[in-house]
Structures are given as C-alpha cells and as structure tokens.
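K.L.:
Right, I'll just put the structure down here and ask away after.
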Amino acid sequence: MYVKLPVGKFQEKIAEVEKKWKQVLPGVGFDHWFMSEEFGRMYEGENRMSGLFKAFSLLSILIACLGLFGLSSYLAERRTKEIGIRKVMGASLPQILRLLFTPFLNLLAVACVIALPLGWFMMYRWLEDFIYRVPIDAVVFLIGILLVFVLTTVVVSYETVRAALTNPLNSIRQE
C-alpha cells in the first residue's frame, strides 16, 4: 500500500499510519520505507557505473593528452628544419601554425567520424533499458566535439608555437 504523506513531521505521521494499520489488519506486520530510498536502490548500479565511467574517462583523456603532446613534440622536432626554411622564405606565424595543426585536425576529424556513430549507438542501446526514455540530443555530441577540439588545441599549441617562434638560423644550422 502506498501512502502519500504531507511534508513535515514524518515520524508522527508514520506512527499514525501504523496505528491505523494495526486497527484494520491486526495480524499483519507493518513495514514502511520511502519511495526516494526505493528509487535510490533501483539506480544504485547506475550510479556505480557512472562513477566508473567518470574515472576511466578522466584517465583516458589524460593518456590521450599525453599522447597528443608527445606526437606534437615529435612532429615539431622532425620538421624543425622545414619550419626554419619556411620562415626564411617569408612564411607567417599563422601559416606555420596551420602547417603543424593540420595533421592533428585530420586525426580529430577521423576520430569524430568513428566515435560519433559508435557513441550514439551505445547511448541508444543503454537508454532502451529505461522505462522513461530521454531523447539523444545532437547538442551533447557537438559540445563533446568542441571540448575535444579545445583540448587538442591547448595540448598541441605549446609545442607548435614554440617550434614556430624559434630562430630560423638555429634550426637550419643544426646539421
């Protein structure tokens, strides 16, 4: 039996309900719980899974950032002489930055092409298990792409700007 109680003084009201229960059904035991607790128990697994997803997502983002930083360092070091020659020939800073950012933007585009349909499919399958369904909004994916783009730009920009601002004479004289 479900009983909706008005707000405030729950213990007194539960005692009244228990008293009435014992009058109407004297041989049946009285046990009570709140719906909020029941919903909490129902979604306990989802909350635990959410915590695991957050932890592993942060770990994977950290590993991806370290990989991006290492790759940008490697590409900047490998193209130091080319950058120096381009600067001597009159290339501007935005042109050099575009040259160094292009591979990362291509990788980001490929990652989005793979991850967006896969993410949508996995979210769709996960949300099928719930009685009350929430539509999957494209804004969530757009915000995700924007955050990944900003994170990629921040991580890669340190090495690319450093390589673009070096003295071209030092980079050409290296050999």
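K.L.:
Go through the range 1-42 and give me each residue that's surrounded by fewer than 10 Cβ atoms within 10 Å (Cβ to Cβ) and β-branched (Val, Ile, Thr).
P.N.:
Scanning the range 1-42 gives Val7, Val24, Val28.
K.L.:
Right, another one. Would you point out which residue out of Ile145, Ile136, Ile85 is more than 30 Å from Tyr43 (Cα to Cα), aliphatic (A, V, I, L, M) and out of contact with any strand residue (DSSP E or B) (no Cβ under 8 Å at 6 or more places or on another chain)?
P.N.:
Numbers: Ile145 fails: more than 30 Å from Tyr43 (Cα to Cα); Ile136 fails: more than 30 Å from Tyr43 (Cα to Cα).
Among Ile145, Ile136, Ile85, only Ile85 is more than 30 Å from Tyr43 (Cα to Cα), aliphatic (A, V, I, L, M) and out of contact with any strand residue (DSSP E or B) (no Cβ under 8 Å at 6 or more places or on another chain).
K.L.:
A follow-up question, please. Which of the following residues is hydrophobic (A, V, I, L, M, F, W, C), part of a helix (DSSP H, G or I) and in contact with a Gly (Cβ under 9 Å, 6 or more places away or on another chain): Leu169, Leu147?
P.N.:
Numbers: Leu147 fails: in contact with a Gly (Cβ under 9 Å, 6 or more places away or on another chain).
So the residue among Leu169, Leu147 that is hydrophobic (A, V, I, L, M, F, W, C), part of a helix (DSSP H, G or I) and in contact with a Gly (Cβ under 9 Å, 6 or more places away or on another chain) is Leu169.
K.L.:
Taking Ser72 as the residue in question, decide whether it is small (Gly, Ala, Ser) and under 16 Å from Arg162 (Cβ atoms). Show your work before the answer.
P.N.:
Details: small (Gly, Ala, Ser): yes; under 16 Å from Arg162 (Cβ atoms): yes.
Taking the combined requirement at face value, the residue satisfies it.
K.L.:
Do you know which of the residues in the range 71-104 that are loosely packed, with under 12 Cβ neighbours inside 10 Å and among the small types (Gly, Ala, Ser) is farthest from Val150 (Cα to Cα)?
P.N.:
So, considering only residues that are loosely packed, with under 12 Cβ neighbours inside 10 Å and among the small types (Gly, Ala, Ser), the one farthest from Val150 (Cα to Cα) is Gly90.
K.L.:
Additional query: Name, by its number, the condition in (1) touching a residue at least 12 places away in the same chain (Cβ under 8 Å); (2) closer than 30 Å to Ala164 by Cβ; (3) of a type outside the set (A, V, I, L, M) that does not hold for His32.
P.N.:
Going through the list (1) touching a residue at least 12 places away in the same chain (Cβ under 8 Å); (2) closer than 30 Å to Ala164 by Cβ; (3) of a type outside the set (A, V, I, L, M), His32 breaks only (2).
K.L.:
Here is a follow-up. Could you count how many residues in the range 104-139 are at pLDDT 90 or above and of a type in the set (Val, Ile, Thr)?
P.N.:
Going through the range 104-139 one residue at a time, the tally reaches 4.
K.L.:
Something else now. Can you name every residue in the range 120-153 that is surrounded by fewer than 12 Cβ atoms within 10 Å (Cβ to Cβ) and under 23 Å from Arg98 (Cβ atoms)?
P.N.:
Answer for the range 120-153, where residues must be surrounded by fewer than 12 Cβ atoms within 10 Å (Cβ to Cβ) and under 23 Å from Arg98 (Cβ atoms): Leu146, Leu147, Val150.
The values are calculated or read from the model by the stated rules, or taken from the named source; none is laboratory data. This is a predicted model, so every value here is computed, not measured. Glycine gets a Cβ as well: all are built from the backbone with ideal geometry, and neighbour counts include every protein chain shown.
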